[in-house]
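Asks: Below is one structure. I have some questions about it.
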Amino acid sequence: MKIVVPFKSVPDPYAGAGEAAKSVINPFDEIAIEEALRIRERGEASEVVGVTIGPAAIDEQIRSALAMGMNRAFRIDDARALDPYAVARILRVFIEKEAPQIVLMGKQAVDDDSNQVGQMLAGLLGWPQATFVSKIELIENNTRVQCARETDGGLEVITVTVPAVVTTDLRLNEPRYVSLPGLMKARKKPIEVLSCEQLGVSVQPMTKTLSTSRPPKRAGGTRVESVEELMVKLKQEAKVL
Amino acid sequence: MAETLVLIELDRQQVKRPSLHAITLARQLGGAYALLILGHGLDEVAASLISYGASAVIVADDSALAEPLADRYAAVIAEAIRQQGAKTLLGSSSTFSKDILPRVAALLDAPMLTDVLALEKSDGATTYRRPTNAGSMLATVQLEGDRRVLTARATAFEAPAADAAPCAIQQLKFDAGGLPNGMQFISREERVSDRPDLTEARVVVSGGRPLKDSEHFERLVGGLADALGGAVGATRAAVDAGMAPNDYQVGQTGKVVAPELYIAIGISGAIQHLAGIKDSRIIVAINKDPDAPIFEMATYGLVGDLHQIVPQLIESIRKG
């Protein structure tokens with residue numbers, strides 16, 4: 001069994017205010033990488049292949065992914081601002097060439113917050129999908145995957161036949177730390193670079209961001225000293241009780 | 001025929017109220033819109049939807065659609081779009097829509113926007129506003145192509161009135177036998193609660209990690225919510241620590257709420273949590289750390305030990 005993990009480089013979402021955020025692997029994708037490695041370590045998969053799209057500047061995040069233990073990693077060289085559907089269309093061609101049994105990826109990237117690529121990819125490939133997954137089990141001789149999904153109404157369990165796309169939620173696992181020797185070793189692993197041309201895919205993003213702005217700040221900050229004072233404010237000022 | 005199809009979400013043959021808010025976005029877009037429901041045994045729920053000003057309520061009713069499996073639902077929704085000649089597919093942001101609609105977008109070869117907050121039309125061009133980076137940025141976006149899929153953030157659009165003349169109910173014709181078969185429903189956690197739904201409640205009380213364990217969480221956060229007739233929410237840390245179930249999570253990757261009153265207990269205010277509460281009308285924060293970021297955005301902040309404050313608060317509310 002081969003597992004492909006598409007992943008994205010994003011600004012560190014936990015960077016403090018005012019700090020310049022360094023780039024990291026999207027936290028949801030890191031969980032997907034970890035889960036793929038655990039499946040391989042259990043002997044249920046033989047190979048974990050990573051793929052990302054972007055310029056050479058993201059090679060550092062690819063090294064981190066390789067250092068976690070991926071067998072190989074590809075970078076599809078495209079520096080444009082792509083939308084989720086363009087990403088899904090590029091990945092589709094790559095996935096058809098690699099022909100894995102499972103595509104495992106984060107449910108959303110924490111910069112764009114779209115939560116679309118996995119589902120679009122599954123739709124383009126005509127594969128089943130299991131989204132927002134917090135537990136994965138391979139069953140029936142690795143021909144089906146049983147997944148617990150985190151939905152608005154609580155946990156739901158489904159099974160999907162392979163090949164399938166599975167997107168990960170936060171509680172699936174706790175990703176491992178990358179050791180310094182691991183990182184040194186990963187420097188020797190090659191990053192295979194492909195162009196869209198080599199893949200034979202030509203896509204244009206259909207979503208154009210015209211501008212971005214900061215949302216207005218909430219005016220907050222009134223301190224109260226006691227429960228009594230809070231009750232008075234809620235009743236008389238806010239009129240919410 | 002309708003220019004826009006609005007997918008209405010059901011939960012056990014009942015309409016999920018927040019999904020109706022997408023109708024308000026449909027009205028802002030202009031043109032005729034039809035409502036679409038999928039499931040099994042839908043006569044009654046279809047009849048409850050005829051007064052929202054739609055051109056029709058389109059019903060895909062089949063035992064193969066009893067559970068919302070994305071591969072089947074996406075195929076049927078794409079078929080409905082083709083039959084109606086619709087240009088826009090709308091849903092309301094929820095795990096149901098986020099699971100199914102991107103797949104429909106791929107089947108339609110159309111771009112998609114998640115969590116639309118507002119739209120603006122000028123010179124015939126439409127732009128959409130949506131949050132990114134846990135709500136710390138707002139993007140203004142334009143779409144190309146002649147079809148599009150959008151999810152509306154329910155808290156950004158009013159509930160629509162149901163006062164229009166009744167419309168027709170149409171059964172969608174589709175080949176149920178030819179639907180994909182690669183996904184199978186096994187089970188769903190059924191939790192019975194007397195509390196209101198988190199995304200619909202007037203009051204939400206949420207707790208963070210300092211609640212210590214599920215017993216304290218239920219007694220203090222649950223107790224205060226019950227005194228106020230409100231819903232219970234939690235931070236990611238509280239859910240990760242096993243104090244509350246996953247569907248209580250409020251924030252960037254959980255639910256977005258905008259109640260009249262939001263009470264945050266033992267919540268420091270990580271940007272990922274604030275992303276889910278910032279449109280609440282009144283925010284109350286109770287935390288022992290006077291420098292917690294939540295105090296910067298809370299309407300009222302009370303610094304102190306939650307284990308002393310919350311029981312006092314429950315008592316004063318119960319006394320009236």
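Asks: Would you work out if the protein assembly as shown is rounded, prolate or oblate? Take a ≥ b ≥ c from the square roots of the eigenvalues of the alpha-carbon gyration tensor; rounded if a/c is under 1.5, else prolate when a/b is larger than b/c, oblate otherwise.
Replies: In terms of gyration-tensor shape, oblate.
Asks: If you line up the long axis of helix A:84-98 against the longest principal axis of chain A, both from Cα atoms, how many degrees apart are they, to the nearest 10?
Replies: 30
Asks: Could you name the lysines in cross-link range of A:LYS233, using Cα to Cα under 17 Å and dropping any fewer than eight places away on the same chain?
Replies: Filter leaves B:LYS319.
Asks: Which value results for Rg/Rh of segment B:4-178 when Rg is the Cα radius of gyration and Rh the Kirkwood radius based on the inverse mean 1/r?
Replies: 0.94
Asks: Once phi is turned into θ = phi - 60°, what whole-Hz ³J(HN,Hα) does the Karplus curve with 6.51, -1.76 and 1.60 give for every residue of segment B:222-236, x standing for Gly and Pro?
Replies: x, x, 5, 4, 5, 5, 9, x, x, 9, 10, x, 8, 7, 4
Asks: For a quick check: with amide H placed at 1.01 Å from N, whose amide H comes under 5 Å from B:SER268's, ignoring anything fewer than 5 positions away on the same chain?
Replies: Distant-sequence amide H within range of B:SER268: zero hits.
Asks: Have a look at the DSSP beta bridges in the protein assembly as shown and tell me what percent are antiparallel, nearest 5.
Replies: 35
Asks: While we're here: Amide H of A:ARG72 versus every other amide H placed in the peptide plane: which residues, excluding those fewer than 5 positions away on the same chain, fall under 5 Å?
Replies: A:VAL48, A:GLY50
Asks: What's the center-to-center distance, using Cα atoms, between segment B:276-300 and segment B:1-75 in Å?
Replies: 37
Asks: If you don't mind, another one. DSSP beta bridges in segment B:4-178, what fraction antiparallel, as a percent rounded to 5?
Replies: 35
Asks: Please list, in order along segment B:272-289, the HN-Hα scalar couplings obtained from phi with the Karplus expression 6.51 cos²θ - 1.76 cosθ + 1.60 (θ = phi - 60°), rounded to whole Hz, x for Gly and Pro.
Replies: 5, 7, 4, 4, x, 10, 5, 9, 5, 5, 10, 10, 10, 10, 10, 7, 7, 8
Asks: For chain B, with the dipole built from +1 on Lys and Arg beta-carbon atoms and -1 on Asp and Glu ones, taken about the Cα centre, which of B:GLY233, B:LEU302, B:LEU179 lies farthest toward the positive end?
Replies: B:LEU302
Asks: Tell me which residues come under 5 Å, amide H to amide H, from A:LEU194 once H is placed; ignore anything under 5 positions away on its chain.
Replies: Correct list: A:ARG75, A:ILE76, A:ASP77.
Asks: Still on this structure, I have one more. Set the Förster radius R0 to 22 Å, insert the Cβ-Cβ distance between A:THR143 and A:ARG72 as r into 1/(1 + (r/R0)^6), and round the FRET efficiency to 0.05.
Replies: Efficiency computed from Cβ-Cβ geometry: 0.35.
Asks: Give the value in nm², to one decimal: projected area of the alpha carbon convex hull of segment A:2-206, averaged over all directions.
Replies: Averaged projected area of segment A:2-206's Cα convex hull equals 11.9 nm².
Asks: Same structure again: Roughly what would the spin-label model give for A:LEU210 and A:ALA20, points 7 Å off Cα along C-beta, in nm?
Replies: 3.2
Asks: Taking the alpha-carbon centroid of each part, what is the distance from segment A:89-120 to segment A:15-67 in angstrom?
Replies: 14
Asks: Okay, next question. Please report, in cubic angstrom per residue, the volume enclosed by the convex hull of the alpha-carbon atoms of chain B.
Replies: Measuring per residue, one finds 148 Å³ for the Cα hull of chain B.
Asks: By the gyration tensor of its Cα atoms, with a ≥ b ≥ c the square roots of the eigenvalues, what is the shape of segment B:209-302: rounded for a/c under 1.5, prolate for a/b over b/c, or oblate?
Replies: rounded
Asks: In nanometres, what is the gap between the two model label sites at B:ALA32 and A:GLU174, each 7 Å from Cα along Cα-to-Cβ?
Replies: 5.8
Asks: Would you kindly derive the ³J(HN,Hα) couplings of segment B:138-152 from the backbone phi angles with the Karplus curve 6.51 cos²θ - 1.76 cosθ + 1.60 (θ = phi - 60°), listing them in order in whole Hz, with x for Gly and Pro?
Replies: Using θ = phi - 60°, the values come out as 10, 10, 9, 10, 10, 10, 9, x, 9, 10, 8, 10, 10, 10, 8 Hz.
Asks: Next question, about the same structure. In bins 5 Å wide, starting from 0, what share of all Cα pairs of segment A:107-202 does each bin hold, as a percent?
Replies: 3, 11, 14, 16, 17, 16, 15, 7, 1, 0
We did not get these values from a lab; they are worked out from the coordinates using the rules stated. Since this is a predicted model, take the numbers as computed values, not measurements. Glycine gets a Cβ as well: all are built from the backbone with ideal geometry, and neighbour counts include every protein chain shown.
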